[in-house]
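Here's the structure, in structure tokens; my notes come after.
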Amino acid sequence: MRLAMLTALFLVPSMVAAQDAFGGGWDPRLRLGGGGPAKYKARASGGGNTACERTAITAGLKWLEKHQQPDGRWLCEHSHDTTVAVTSLGVLAMTGNGSTLRAGPWKPAITKAVVWLRENQKASGAFADASGPHLLAALAITECYLLSDYKLLKKNSVLAINYANLLRADDGGWRASIEDQQSDPALTLWGTTLLVTACEVELADKDNLCDGVFDWLRSHQANLTPNSGILGVAAPVNRQSELVYDQAAANAFTLCWLSLSDENPTTAAAMQITAAAIRKDALIRARALPRTWVNNPRLKLSINEWFCSAHALAQAGDQKSVAAICKSLAKAQVADGEDRGSWAPIGVWGEAGGRAWTTAMAVLTLEAPYRYAKITGM
């Protein structure tokens with residue numbers, strides 16, 4: 001009964017005109033009287049993608065919609081935590097394409113997933129025991145609150161953000177669990193992204209947004225910490241050597257947010273210079289990696305690395321390299337059969353995350369040209 005009532009509440013028709021400035025038939029810019037934060041305005045435009053890649057995004061989202069459970073989640077066989085992670089990524093892939101809880105072709109799927117996530121949030125604010133799934137869920141809920149302006153989600157967002165802050169390590173980043181002492185590159189990316197989103201709805205202090213993160217990124221430890229917490233499970237032992245690429249790409253994307261933490265032009269400029277030096281090697285690696293989505297153990301293959309690299313390169317203005325990633329990924333999409341529209345769950349995280357995880361991450365990667373407007377001075 002409660003689930004049905006919540007679903008009905010979320011399905012209130014949009015009060016915004018059906019036609020928007022992007023010609024997409026819906027308006028993703030609902031918050032703040034239709035103005036919305038600048039960094040999200042390009043969503044639903046498909047800008048930067050070819051027609052083939054836009055078709056791939058739509059096919060991927062249709063596959064996710066088709067394989068969503070009636071209660072709103074996307075299943076992952078490993079644990080409840082991994083199911084939370086995959087469900088959250090499904091939401092983020094759909095909001096990245098311009099839909100919200102109020103309008104858009106993926107509104108019903110987003111609605112069901114958000115209802116399920118809310119029902120599974122604990123009194124502490126935690127969505128999961130492991131940091132990675134919690135941070136993904138916290139971001140999905142907070143982004144839906146930001147883009148849809150549903151006051152009902154404010155409490156969930158506040159609780160989730162407060163719990164996320166408990167997961168920060170003393171070194172400045174985010175750790176895989178409260179018991180861990182060292183930060184993890186991928187988790188630090190998702191944690192920083194969460195706080196950036198929280199600032200947009202005034203649920204976090206912009207002045208203290210990235211306290212500690214920049215210092216951690218400059219440390220030697222940022223390139224040594226095992227990346228083991230994205231899904232709440234460890235990467236397969238036989239593929240952990242590949243995480244050096246994951247780490248570098250995640251750190252490069254995290255650096256894109258840090259100019260937002262200091263409004264003083266002098267110190268912000270100094271931070272940009274240092275960040276550029278750190279980021280340079282990561283982007284060189286990202287450009288040099290082979291972009292072929294095939295199950296070959298000799299390849300250093302991780303959909304998380306593709307996602308982080310595509311976004312970091314997009315922020316750097318390297319449209320050619322982003323296009324190469326998107327073209328290769330679109331080409332690798334399953335073209336027919338039951339799995340049409342999805343991506344094979346291969347690579348360092350494929351086995352743990354499964355087809356739904358891989359497909360959601362692939363769609364998020366393809367959205368890199370427009371998911372966020374240029375957010376740094378790079």
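The values are calculated or read from the model by the stated rules, or taken from the named source; none is laboratory data. Everything numeric in this text was worked out from a predicted model, so none of it was measured. Heads up, the Cβs are rebuilt from the backbone with ideal geometry, glycines too, and the neighbour counts pull from every protein chain shown. Side chains included, ligands, DNA and RNA excluded: accessible areas come from the protein's heavy atoms. Shrake-Rupley method; radii C 1.70, N 1.55, O 1.52, S 1.80 Å.
Remarks
- When you count the other C-beta atoms within 10 angstrom of each residue and take the mean per peptide, 356-369, 278-291 line up highest first as 356-369, 278-291.
- Descending by average beta-carbon neighbour count within 10 Å, the peptides 214-221, 346-353 line up as 346-353, 214-221, the highest first.
- Cut-off under 5 Å, modelled amide H: who pairs with Trp174 long-range: Ala169, Asp184, Thr188
- Enclosed volume per residue, in Å³, of the convex hull spanned by Cα atoms of segment 111-237: 100
- Highest to lowest packing among 298-308, 135-145, scored as the average C-beta count within 10 Å: 135-145, 298-308
- Size descriptors for segment 92-150 (Cα atoms only): Rg and Dmax, in that order, 11.3, 33 Å.
- Over segment 28-164, the reciprocal of the mean inverse Cα-Cα separation, the Kirkwood hydrodynamic radius, stands at 15.1 Å.
- Links that overshoot a 26 Å alpha carbon limit, given the list Lys107/Lys154; Lys151/Lys206; Lys41/Lys151: none
- In Å², nearest 10: area of Lys374 left accessible to a 1.4 Å probe: 110
- Those aspartates and glutamates that a straight Cα-Cα span of less than 18 Å connects to Lys300, excepting residues fewer than 8 apart in one chain: Glu242, Asp246, Asp281, Glu351
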